[in-house]
Amino acid sequence: MLVLRHIIRLMKLCIRGPGGKVGIAYYVVVLALELADIAVSLRMIAWTKDFYDALQQANAPEALRQIGIFSLIVLVAVALGLSSTYLRKLLEIRWRGALTSQILDRWLEGKAYLRMKRGADGSNLDNPDQRIAEDCRIFLAGATMDHGSASGIISMSLDLVTRIVALFSYVALLWSLSAFALDLSFIGIDAELPRYMVWAAFAYVALSSGITHLLGRPLKQLYVWQQRREADYRFALVRLRENAEAVALSDGEPSERKEIDTRFTGIIANWRQLINRELILSLFTAPYHRTVLRIPIFLALPVFFAGNLTFGSLMQLGSAFSSVVTTLSWFIFAYRPLAELAAASSRLGRFLEEMDKHPQGGIHATIGPSDKLVIANLSLSTPQGRRLLDVPGLDIERGETVWLKGASGIGKTTLLKALAAIWPYGSGRLVVPSTTSTFLPQHPYLPLGGIADAVAYPRSAGDLPDGDIKAALAAAGFPSERMSMPIDGLSGGEHQRLALARLFLHRPAWIFLDEAMSALDTRAENHLLKRLRHDLPGSTFVIVSHRSPEAIGGVRIVDLDRSKPAGIHAGTMEDA
């Protein structure tokens with residue numbers, strides 16, 4: 001039932017997403033085509049009797065006529081099948097886009113992506129990138145391809161609906177064809193089983209379905225673990241690529257190779273369990289697939305040999321019985337895709353449940369009416385509850401320059417995270433200004449794209465004049481001859497200059513710098529601080545740095561050292 005609840009929720013997101021409601025029309029059209037195909041298959045069963053009766057009677061003209069009818073039936077069936085497949089694939093990509101959009105909205109809103117980072121807030125969800133990219137695809141289109149048709153929720157649900165409708169049609173036909181009874185005799189007791197072909201079909205499939213589920217039940221969890229192992233392996237490779245220089249400088253290739261090999265060994269181990277379980281399942285399902293079309297002929301032979309059936313009627317009865325059994329056997333034939341679908345649904349469902357959670361923190365942040373930052377009785381802790389830093393009270397006015405001073409590891413960066421409303425762990429009250437603010441960490445984030453994209457972030461470079469971007473780069477001291485360089489080829493100092501150029505471009509009212517110039521020398525840092533204060537006279541600067549920002553006059557020092565009375569000490573540069 002839990003998997004079903006996940007599937008229902010995911011389908012609602014598919015419909016609510018961009019263009020999702022149009023997908024309903026696609027679904028209805030595809031369903032209509034599938035139902036029309038049932039009518040074609042019923043006509044094919046009727047054709048079977050007419051054709052084989054013509055053969056038994058050696059009626060060549062009638063046999064040729066039936067071949068012509070067969071060609072028309074096949075033509076219609078092919079047209080229906082191709083149309084259905086094409087529209088189904090259009091529906092898959094439409095709903096995949098809608099589902100991905102809905103999940104991305106939830107992942108990015110409220111900074112859930114940060115909260116759900118591995119180990120944070122107790123979620124410990126692995127590989128969110130894989131859940132968004134891979135599991136959404138598997139949920140809608142399937143992970144395996146069986147004779148060209150997908151095996152996701154769209155195909156599975158369409159098949160289930162059409163199989164239910166087809167079952168009534170085929171059972172009604174089989175009921176009408178199997179008007180004869182089977183005579184039974186056991187320990188001197190004679191009995192008669194009327195329409196035994198219908199009951200035999202249900203009994204045959206019920207027994208086979210039970211055996212299939214018993215043998216294949218572990219597959220779902222094995223598919224879940226296989227997806228996780230594959231994603232962990234890809235993550236290790238991407239991490240090596242992103243940290244290539246650091247690994248090379250440390251001669252860390254053997255260590256990296258060992259870690260990558262360990263993760264790949266996990267893939268192999270789970271894969272062996274998976275194929276062993278699939279082999280066990282196939283030991284039953286493979287013979288079932290091979291014999292399902294022959295069993296009805298065997299069951300009807302007593303009546304045929306008794307002279308109660310013509311050869312054409314025998315073949316028609318066998319075709320009707322096979323259609324019933326095949327329809328009832330949907331669970332058996334679709335067991336592997338259903339296991340993959342259940343695994344993907346469970347992973348996406350858990351992902352959504354974690355995004356629904358709210359961080360359990362006691363820090364109350366509000367936007368104040370005045371352009372002033374107020375900290376009151378703030379106590380910061382780790383997600384596990386370990387105390388980090390206490391700030392009993394601190395007010396920062398608009399236009400000030402404040403240096404947050406303290407020993408390494410005391411919690412300066414965590415304090416800035418709390419001010420940015422991305423650290424909920426602790427207690428206390430924050431009143432933050434309503435005007436624009438920018439936080440620059442020691443290792444700035446540079447988006448995909450070129451130099452202009454990195455400077456314009458989080459806005460788009462196309463929305464800003466080129467002249468303003470170039471002026472901001474010049475103010476940050478970024479060399480013009482490096483403008484054509486790929487971002488990956490820039491130094492750490494150049495990365496920081498690109499981030500600092502954003503301040504000259506966007507001109508925020510509040511600027512928080514967390515070791516944002518640590519890769520620059522003291523002279524360059526002092527020059528940039530002076531330039532920032534000169535070009536942004538009305539902005540407030542809150543600086544975390546091991547080097548004192550002496551280039552800016554009128555700096556207020558806030559000493560966060562726990563050894564100070566009340567956990568905080570304020571002063572000026574002259575006091576330092």
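The values are calculated or read from the model by the stated rules, or taken from the named source; none is laboratory data. Just so it is clear, the structure is predicted and the values come from calculations on it, not from any experiment. Please note: Cβ atoms are built from the backbone with ideal geometry, for glycine as well, and neighbour counts cover all protein chains shown.
Worth pointing out:
- The single condition among (1) surrounded by 16 or more Cβ atoms within 10 Å (Cβ to Cβ); (2) touching a residue at least 40 places away in the same chain (Cβ under 8 Å); (3) of a type outside the set (Asp, Glu) that Thr414 does not meet is (2).
- Among the candidates Lys372, Lys357, residue that is closer than 30 Å to Thr435 by Cβ and of a type outside the set (S, T, N, Q): Lys372
- Leading residue by the ranking (farthest from the chain's Cα centre (by Cα)) among those in segment 431-477 that are of a type in the set (Gly, Ala, Ser) and part of a loop (DSSP other than H, G, I, E, B): Gly477
- So Pro296, is it assigned to a helix (DSSP H, G or I), surrounded by 21 or more Cβ atoms within 10 Å (Cβ to Cβ) and at pLDDT below 80: yes
- Among the residues of segment 478-504, those identified as surrounded by fewer than 19 Cβ atoms within 10 Å (Cβ to Cβ) and either part of a helix (DSSP H, G or I) or touching a Cys at 6+ places or on another chain (Cβ under 7 Å) (or both) are Ser480, Glu481, Arg482, Ile487, Asp488, Gly489, Gly492, Gly493, His495.
- Among the conditions (1) of a type outside the set (A, V, I, L, M, F, W, C); (2) at pLDDT 75 or above; (3) assigned to a loop (DSSP other than H, G, I, E, B), the only one that Arg137 does not satisfy is (3).
- Conditions (1) of a type outside the set (Ser, Thr, Tyr); (2) surrounded by 13 or more Cβ atoms within 10 Å (Cβ to Cβ); (3) not in a helix (DSSP H, G or I): number failed by Asp251: (2)
- Residue-level analysis places Ser185 outside the set of residues that are at pLDDT 75 or above, out of contact with any Ser or Thr (no Cβ under 8 Å at 6 or more places or on another chain) and surrounded by fewer than 13 Cβ atoms within 10 Å (Cβ to Cβ).
- Restricted to helices (runs of 4 or more DSSP H) entirely inside segment 307-387, those with at least 1 residues that are over 23 Å from Phe168 (Cβ atoms) are 311-328, 335-356.
- The condition of being buried (at least 19 other Cβ atoms within 10 Å of the Cβ) and in the same structural domain as Phe351 (by TED's automatic domain parsing) holds for only one of Leu108, Leu55, Leu99, Leu104, that being Leu99.
- Checked against (1) without any contact (Cβ under 8 Å) to a residue 40 or more places away in the chain; (2) loosely packed, with under 13 Cβ neighbours inside 10 Å; (3) under 21 Å from Leu513 (Cα atoms), Arg386 meets all criteria but (3).
- Residue within segment 75-84 that is in a helix (DSSP H, G or I) and touching a Ser or Thr at 6+ places or on another chain (Cβ under 9 Å) present: yes
- Taken over segment 200-259, residues that are in contact (Cβ under 8 Å) with a residue 24 or more places away in the chain and either within 28 Å of the chain's Cα centre (by Cα) or not assigned by TED's automatic domain parsing to the domain that holds Ser345 (or both) amount to 21.
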